[in-house]
Amino acid sequence: MGEALAQLSEHAPQGNPLAGGTNLVVEMRVGRHQGKSMVDLGRLKELRGIQAQNGHIVIGGGTTVSELLKHPLIADHAVPLCQSAAVFANPLIRNRATVAGNLVDASPAADLAPPLLALGAEVELVSREHTRWVSLDEFMVGVRKTLIQPDELMRSIRWSKPPKRSAGAFYKVGLRKADAISVLSAAVMVACDTSGRCKLARIALGALAPRPLRAYEAEDVLQGQPLQAEGIAEAARLAAEAARPISDIRGTAEYRKRVTEVIVRRLLVQASEALEHP
Amino acid sequence: MDKSQFNTLGKVTPRKDGVARVTGQETYTVDTILPRMLHGRTVCSPFAHARIKSIDTRLAEAMGAVVLTFQDIPRRRYNERIITVEWALHKDHYVLADKVRRMGEAVAAVAAETEELAEKAARAVVVEYEPLPVVLDPIEAMQPGAEPLYDTVVYGDQEIQIEKNIACAREVNEGDVDKAFAETDVFVEGTFDVHKIYHAQMEPKSVVCRPEPDGGITVWATTQSIHNTRIVLGQIFDIPLSKVNVKRMSVGGTFGSSIQMNSVVPIGVALALKARRPVKLTLTREEDMHDHGRFGTHAHLKLGAKKDGTLTGIELELVADIGAHILQGYSFLGVSIGWIVSLYRLPNVRYKGTCVYTNKAPGCAMQGFGNPQATFAMESLMDELAEKLGMDPVELRLKNYVRLGMTFWGQGPMVRSLIRSDGVPDLLEKGKELIGWDRRQPPGLKSGRFRRGIGLGRGFHTSSAGAPQPGDVIDYSGALVKINQDGSVDVVSALVDHGGGTLEGMAKLVAETLCVPLDMVSVVPTDTGNALYDVCTHASRGTYAGGGAAVRVAKQVRQEICETAARYLNVQPEAIEMKVDQELGQAVIYVPSIPDKQMTLKQLASRCWSESWKTIASMDSYRPVACPPAYVTVFLEVEVDTWTGAVRTLHAALGADCGTVVNPDGAVGQLEGGLSRGMGMALYEDIDWDERGQLRSKGYLVDAKTPGIMESPHLEGLSIHFADTNEPTGPHGAKGMGEAALNPVPAAYANAIYNAIGIRFYQLPITSEKLLAALVERETMLKERLR
């Protein structure tokens, strides 16, 4: 680990960490990243692993998507993340692609970002000199832009264990059901108090803006209210309003916005049903 | 024919190459490694249409690479596929581009010691281009002032002018359409669009070429026809065919993408000849996606019928987008009308078809060769007609379909033969029952978010392009069958198994004919040097025509077995019969009335051997005298989510009449695969180009959207049945299968979606997005009307 950070620091800004390589190698083949030095993190054990620590779930940045799928802590404390990992690319890619890689790549369609946003995750950035924690929401700046500095690595990702009466869900709309890049995706996380009022709501959207984003206004209408059809419909409408999609090969902006509303509503209904029938 | 008497046909047997394929031990072209072999790379154009002003190879050569440019290649235009007769053949291709006509076209090539060095050298070749306006739309391409792709091409042996980017045109007129239409009660018409679709075959195209000391070449190539590859290479490089040896390789699927000599093959050969060392050249996936695609079609059809549902005639105008090069445009125009008139009796036909050049991937046959496009249009119109007439769609089809005893010319106006087997009524009846046709409701009665619809598409594909007389398409096969010393059998055939289990079928047909256990029959590795000519494994002809050749020759061998055994057993040859003894693992030759007059095939063959007599063997060519239609009907039940536009396949009832079912697992696999590819064509696959002529997917397979297992209906929603028919002209009663499995699927989807929501689509694919937009548009219209 120390060596990797030293290498990055030495080669900055021309050093580039390489983990699974599922994005970088493809890009290198078409001539991007010329003149850069790749620092291979593939065999760093310190970057792997999933643990429960002080009320948090902490996962190493180099954890692969396949590992997320196998781990009971993820299944128990990060339902949307688990659902997202299950439809992430294809099994070959899942075996190599890492969580940090997906976040640092900062594609608007990064499939792990919406569930981690919904979980309220933070990321740990380390360099030879310092360590800092940044919320994932702040970390992602724009298309392929993040707060990470050339000498930094994303060492780990963490989130608070969701409270007792909570539920979450994720859904991805692809042009087909497997091995597809998202047309759009959404994740929700809600928690209620004993009276059934919503005390926490997070709604996150993918491939609907230059970066994966939270639909704060949609979340606000749910706060303090019982999770019922009307509020859910309003939240879904606001979430679609928060989306700022573009038209591209996978869909038009208009289609994306329209389907966002359907999906967010569906996820909130699912989550509220899960709360009622745990 | 009593099919219950079959020993091998119709039985489920493990595939001979199955273990090798699923354990990664099969060797494909790309696995071929030769001593002193160099690695090749092409220099691909970043423009879709450009003149090449200069090519500077010095940097690449300084790296130690051998560099090939237009200066090095033979100045001879060719067509990559010579299966049409000379007068129907257009030639517009050079080994390397004289002018760039599509994105990624090879303008130069390099060979070097390693793949890495070859890649670096290819990037170091400096090409100066003069970009030209890019022509993408075939209709615009024909307008005055559109940028021409070609000045001239070679047709037969003459140079002809190309005007308005029209590569070729064809008209067919039968009967009197004007008179028929004057007496017609009901018309339906529509303009149907189908985009080019990428084959998405698993194996990217590859070639290895070794120059031989005698001036010849040995070629390992991804291809569906080793003989076509040999003939074209011989013509380009002016080498006698006896010195051009093309090996038959295992192929990782094609869907038709290797029916021609692939574009990489002559480049690899030219590199090897220049380097005087073996060279391997393989396309990347991105390059492959620019290399070939289905023919895009834009078709206007007008169909007439009497009140009682009898069809009166058809008018059809077709524009085919052939892309940057012509492979088989003229045949394509012929079959496009052939498919339609062979689906339904249409005594009066007025047809005009035009092939147009555009700066896109060259059109190459893909599962169905124009048939899925034609069937999509025709079957959509048949449903519209049924609705107008108030007739049941199944009844309308039964009334009009081209059936037993009628003339069939699916392969075009020059390839006509009689229909001798017909399982259509059976398929329609059974399909109705399996899907629950009687519960089908009109769309107007449906409401709510999720709406279900039931739809039907029926179709066929020809088995081969055989006919009583020669046509414009070459079609014949050959085979060699010999008995080994232990009673096992070698079959030599130029047929290629490109995924459908063709060679497996051939082994079964020979085993059946010779009463030999399947395990004792091998279709052995071969090349053009020792296999008789076979046109190509295409047109669903592998089992019917290739298998037909093998059965013809196996029957000759059986005759020789009887005559030879007759001498040893001291009986008349006509008294001898054969049966299989699975316990002995041998064919047994016996005389029914005399129990001690019998011997195994091994005893016979080893005696012929130890007595220095002979090998029992035969070799012959075979031209099928018909190209019988294999019929497939597809009944679907779909569910449309009117909130998202998503379409889910709930039930599929697939029925096939392929004559004798040679390989049940394989036949089921073909139907399931046909459903999947047809679903892709109907709902997902939309290969599209941007204004620069670049694929919008940029060549990434993830956005080519072929459906996967997740899109398939659940197993309990899938039912498959076969009609019990016997094709008298086929080997042991068999017909083709592969392409028929796909042809009616897109139509069945369009009809099922119409039945669900009452909206008809004339353009494929019917993506969720298009479907939702159509629903929204209808909603808005209804609201405005209410206002």
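Structure values in brief
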| quantity | calculated |
| --- | --- |
| Any hit, the range A:22-29, residues being in a loop (DSSP other than H, G, I, E, B) and under 21 Å from the mean Cα position of the chain (by Cα) | yes |
| Test: residue in the range B:366-375 that is out of contact with any helix residue (DSSP H, G or I) (no Cβ under 9 Å at 6 or more places or on another chain), closer than 25 Å to B:R677 by Cα and not assigned by TED's automatic domain parsing to the domain that holds B:I753 | no |
| Filter result for B:T642 (modelled with pLDDT of 95 or more, within 14 Å of chain A (Cβ to nearest Cβ) and crowded, with 16+ Cβ neighbours inside 10 Å) | yes |
| Elements of type strands (runs of 3 or more DSSP E) in the range A:146-249, at least 3 residues being under 23 Å from B:A646 (Cα atoms) and within 14 Å of chain B (Cβ to nearest Cβ) | A:166-174, A:182-192 |
| Test: residue in the range B:156-168 that is surrounded by 19 or more Cβ atoms within 10 Å (Cβ to Cβ) and either part of a strand (DSSP E or B) or in contact with a Cys (Cβ under 7 Å, 6 or more places away or on another chain) (or both) | yes |
| Single residue of the range B:42-88 satisfying the filter (in a strand (DSSP E or B) and basic (K, R)) that is farthest from the chain's Cα centre (by Cα) | B:K53 |
| Per-region count, the range B:546-579, residues surrounded by fewer than 21 Cβ atoms within 10 Å (Cβ to Cβ) and in a loop (DSSP other than H, G, I, E, B) | 3 |
| Test: B:V30 is among the hydrophobic types (A, V, I, L, M, F, W, C) and either assigned to a loop (DSSP other than H, G, I, E, B) or more than 18 Å from B:T222 (Cβ to Cβ) (or both) | no |
| Residue match in the range A:30-42 (condition: more than 22 Å from A:V126 (Cβ to Cβ), among the β-branched types (V, I, T) and at pLDDT 95 or above) | no |
| Pair list, Cβ < 8 Å and 6+ apart or interchain, from the range B:283-297 residues that are aromatic (F, W, Y) to residues that are part of a helix (DSSP H, G or I) and crowded, with 24+ Cβ neighbours inside 10 Å | B:F295/B:F332; B:F295/B:Q373 |
| Number of the exception - B:R648 against (1) under 30 Å from B:L428 (Cα atoms); (2) more than 14 Å from chain A (Cβ to nearest Cβ); (3) not in a helix (DSSP H, G or I) | (2) |
| Top-ranked residue of the range A:250-278 - restricted to ones that are more than 22 Å from the chain's Cα centre (by Cα) and assigned to a loop (DSSP other than H, G, I, E, B), ranked as farthest from the other protein chains (Cβ to nearest Cβ) | A:P278 |
| Among residues of the range A:231-254, those that are in contact (Cβ under 8 Å) with a residue 12 or more places away in the chain and under 23 Å from A:P210 (Cβ atoms), counted | 13 |
| Candidate set from the range B:686-714 (those that are within 11 Å of another protein chain (Cβ to nearest Cβ) and of a type in the set (K, R)); member that is nearest to B:E105 (Cα to Cα) | B:K698 |
| The range B:759-778: number of residues that are away from chain A (no Cβ under 14 Å) and not hydrophobic (A, V, I, L, M, F, W, C) | 4 |
| Single match in B:C355, B:C364 (criterion: buried (at least 24 other Cβ atoms within 10 Å of the Cβ), at pLDDT below 95 and more than 19 Å from B:A750 (Cβ to Cβ)) | B:C364 |
| Exclusive hit being under 17 Å from B:D641 (Cβ atoms) and touching a residue at least 12 places away in the same chain (Cβ under 8 Å), set B:R451, B:R440, B:R458 | B:R451 |
| Filter result for B:L398 (touching a Pro at 6+ places or on another chain (Cβ under 8 Å), in a helix (DSSP H, G or I), of a type outside the set (S, T, N, Q) and buried (at least 16 other Cβ atoms within 10 Å of the Cβ)) | yes |
| Filtered residues of the range B:678-698 (kept if crowded, with 21+ Cβ neighbours inside 10 Å and part of a loop (DSSP other than H, G, I, E, B)) | B:E685, B:D686, B:I687, B:G693 |
| Lone unmet requirement of (1) in a helix (DSSP H, G or I); (2) closer than 21 Å to B:R440 by Cβ; (3) more than 14 Å from chain A (Cβ to nearest Cβ); (4) aliphatic (A, V, I, L, M) for B:M781 | (2) |
| Selection from the range B:299-346 of residues that are over 30 Å from B:E105 (Cα atoms), touching a residue at least 60 places away in the same chain (Cβ under 8 Å) and part of a strand (DSSP E or B) | B:H300, B:L301, B:K302, B:L303, B:G304, B:A305, B:L311, B:T312, B:G313, B:I314, B:E315 |
| Cβ pairs under 7 Å, 6+ apart, first in the range B:771-787 and in the same structural domain as B:I759 (by TED's automatic domain parsing) and of a type in the set (G, A, S), second surrounded by 11 or more Cβ atoms within 10 Å (Cβ to Cβ) and modelled with pLDDT of 95 or more | B:A774/B:I759 |
| Single match in B:A748, B:A756 (criterion: among the small types (G, A, S), farther than 23 Å from B:G368 by Cα, more than 13 Å from chain A (Cβ to nearest Cβ) and in contact (Cβ under 8 Å) with a residue 40 or more places away in the chain) | B:A756 |
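The values are calculated or read from the model by the stated rules, or taken from the named source; none is laboratory data. All figures in this text were calculated on a predicted structure; none of them were measured in a lab. Don't worry about glycine lacking a Cβ; one is built from the backbone with ideal geometry, like all the others, and counts go over all protein chains shown.
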